[in-house]
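Values quoted throughout were computed directly from the atomic coordinates according to the rules given, and no laboratory measurement underlies them. Computed from a predicted model, the values in this text were never measured in an experiment. Counting neighbours? That spans all protein chains shown, and the Cβs are built from the backbone with ideal geometry, glycine included.
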Amino acid sequence: MLSDEEIITRYFSRDEAAIAATSEKYGGLCYSASYGILRVREDAEECVCDSYLRVRSTVPPERPQSLKCYLLKIVRNVSLDRLKFLKRKKRARKLEISFSELENILPDSSAPDECGLSELLTAFLETLEHDPRVIMAARYWHLMPISGISSRYGFSQSKVKTSPTRLCEKLRKFLEEMGFANEHIKNY
C-alpha cells in the first residue's frame, strides 16, 4: 500500500493509478463517512466516487498536508450536498435535526470565511472531556441519531439527549470568549 505522499505525487503527475491507490487505502473509511450522513448505500457509493474525482481535480494545485483529512472533508461536503438535494426532494427529513441544533450558534453563511471558525471548533473540542467530545463528534460530524450514539458508545439515551443542549451552550460561550464576532453568532 502506498504512503499518502506517494499517492499525492501520483496525483501531481496525473497518474490514473492515484484514484485506485486512494480507494484502496481509504475507500472503506470514505464509504463509512458518507453512509453515516446519507444512510443509503447507493448514494454513499456515488458520493465516494464523486469525491475521488474532486480530489483528482483539486490536487494539483492543492497539496494537502494530510490526504486522509483532505479526502474526508471532501467526502463529507459531497455527501452533505447530496443530502441537501435529497432534502429538497423531501426524502431525508430525519437528518436535518442535527443541523437545526447548531443553527442558532454557528454563524450564517454571510460570516466571512477568514473568521477561523474551524480552528475555534477544533480548539473547543480539545477542551472537552472524552464522553462529551465523542457525543459531539458523533452527533454533528457523523450525524448519528441519538439511539445510534447510545448503542455504539454505551451511553444512556438520556445522557446523549441532554448532552447536545449543554454542549451547544458551552460552544456558544466559548466562541464569544474567543472573540468570535458576535454579529456572526445568532442568538441562542
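Using mean Cβ contacts within 10 Å as the protection proxy, how do 159-165, 50-56 order, highest first?
Top to bottom by mean Cβ count within 10 Å: 50-56, 159-165.
Sort Val48, Val134 by Cβ crowding within 10 Å, fewest neighbours at the top.
Final ranking by Cβ density, sparse to dense: Val134, Val48.
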